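First the structure, in the form of structure tokens, and then the observations on it.
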Amino acid sequence: MTRRAVFLDRDGVINRAEIHDGVPRPPSRIEDFALFAGAVDAVHRLRGAGFAVVVVTNQPDVARGDQQREVVEAMNDVVRKAIEPDAIVVCYHDEADGCSCRKPAPGMLLDAARDLELDLAMSFMVGDRWRDIDAGRRAGCRTIFIDRAYAEPRPSAPDAVVADLAEAATWILVNFAKEEARSA
């Protein structure tokens, strides 16, 4: 039996990103890693409605030598303890590596769907960058863009645009309830 899921980007969705020249970057130190207010509650509401929650995050600074893998994993441990996701999937590659997992490629979502028996057509991808939205669309998910007004290209045609993860969770739950009512 397959389950529905919500895929979440990490930096800028669950936790605060560092902004440099209008572009988000992951926190560079564990001491700077801070969850957004409302993120834990939003995830608990999604889990309470029966959604699997999977964090999918690009962490190319490891491949670039600008970050230690252990620091990224320590940050992921904070996320694990706070929101208890079904999985955290990390791509440590840089653009030049040409992998199938680095968003906007859908590899992390496809792998998690296979491993956790998730129904991508009944799932959502929530992200704060065009790469997240493209990955979700390419995986067959509905997409929700958290608009943080970064100085970079916006995604084209997400299913919803919201201010934060709490609003994304509400949008998912309201729309899912409408779909359930129509199919009942």
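Every number in this text was worked out from the coordinates using simple rules, so none of it is lab data. These figures come from a predicted structure and were not determined experimentally. Here Cβ is always computed from backbone atoms with ideal geometry, including for glycine, and neighbour counts include all displayed protein chains.
Of note:
- In the chain, the calculated helix contribution to ellipticity at 222 nm averages -11500 deg cm²/dmol per residue, counting -39,500 (n - 2.57) for every DSSP H run with n ≥ 4.
- In the chain, the longest principal axis of the Cα atoms and the axis of helix 165-183 are about 30 degrees apart.
- Once the Cα-Cα distance is subtracted from the 0.36 nm per residue extended length, the ALA181 to HIS20 segment shows a gain of 53.5 nm.
- The mean sequence separation of alpha-carbon pairs under 8 Å and at least six residues apart, normalised by the residue count of the chain, gives a relative contact order of 24 percent.
- Approximating the spin labels as points 7 Å out from Cα along Cα→Cβ, the ALA149-to-GLN68 distance works out to 3.7 nm.
- Between helix 39-48 and the chain: long-axis angle, C-alpha atoms, 0 to 90°, nearest 10: 30
- Straightening the chain between GLU84 and ASP97 buys 1.7 nm, computed as 0.36 nm per residue apart minus the Cα-Cα spacing.
- Computed log10 I(q)/I(0) for the chain at 0.12 Å⁻¹: -0.51, from the Debye equation with unit scatterers placed on every C-alpha and solvent omitted.
- DSSP beta bridges in the range 16-149 [antiparallel fraction, %, rounded to 5]: 25
- Across the options HIS93, MET108, GLY12, the greatest Cα extent toward the positive end of the charge dipole of the chain (unit charges at beta carbon of Lys, Arg, Asp, Glu) belongs to MET108.
- Shown here: the range 97-173, whose C-alpha atoms stretch 33, 32, 17 Å along the first, second and third principal axes, sorted largest to smallest.
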